[in-house]
Amino acid sequence: MKGIIAETIKVLNAGGVILYPTDTIWGLGCDPDNANAIASIYAIKQRVESKSMIILVKDVEMLEKYVEEIPEVAYQLIDASTGPLTIIYPKAKNLAPNMVAFDGTIGIRIAKCDFCQQLLSEYNKPLVSTSANLAGQKPPLGFFGIVNEIKIAVDYIVPIELNRLSSAKSSDIIKVWKSGKFEVIR
């Protein structure tokens, strides 16, 4: 695993796009500080840039580096969550401009799978995460459901969990406001 993580970080540091397993479904990822890499993901997915992507973080400490002020209700939601949870926070910071939504928000999920936790720990920064499908298509059930168009467009395919099938269920999504109000999106 150490060699795979080292190679993944090498690709990310070079501005590359990776195809990797997450705690939900297979994803496309890159350095969230690299506007060119982020633009590459939009191009690979054939997705409009007005539809934002999320970042994965290792823990709350890493999360706090990318949001100006985390509403208390977000901590409560994180603690109560039993499955994958993406929270949309106001006032993103320390990210490339094309990573942040038009209203200044950013979706962030604390990754729970072993590979992502190890990668985020070694990389010591977040990772862009978006489903590994073309815009308008359903997320694949596993690696072998990902269209070749995506596989040949990325710079590195993480060679683990290739045979694992997912439920193709994405994370729950909740939007929080500084006031403490929140809304369940999905």
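Data table
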item	result
Prolate/oblate/rounded label for the stretch 62-147 (Cα gyration tensor, a/c 1.5)	prolate
Cβ-based exposure ranking for 164, 109, 47, 186, in which fewest neighbours within 10 Å come first	186, 164, 47, 109
Extension gain (nm, one decimal) between residue 51 and residue 163, 0.36 nm per residue minus Cα-Cα	37.3 nm
Net lengthening on full extension, residue 68/residue 6 (0.36 nm per residue, minus Cα-Cα)	19.3 nm
Rounded to 10°, Cα long-axis angle of helix 2-13 versus longest principal axis of the chain	70 degrees
Nearest 10 degrees, 0 to 90: helix 35-45 Cα axis against the chain principal axis	70 degrees
Top of 152, 54, 108 by mean-square fluctuation, Gaussian network on the chain, Cα under 10 Å	152
Three semi-axes of the equivalent ellipsoid, the stretch 2-184, Cα gyration tensor, whole Å, largest first	25, 17, 17
Kirkwood-Stokes translational diffusion coefficient of the stretch 1-93, alpha-carbon pairs, 4 °C, 1.567 mPa s, µm²/s	86 µm²/s
Label-zone membership for the stretch 33-65, site residue 93, 7 angstrom Cα→C-beta point, backbone N under 17 Å	33, 60-65
Mean separation of Cα contacts under 8 Å (6+ apart) over length of the stretch 27-186, as relative contact order %	32 percent
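Every read-out reported here was derived from the displayed coordinates using simple, explicitly stated rules and does not represent laboratory data. Quick caveat, the model's predicted, so the values are computed rather than measured. Every residue, glycine as well, gets a Cβ built from its backbone with ideal geometry; the counts of neighbours run over all protein chains shown.
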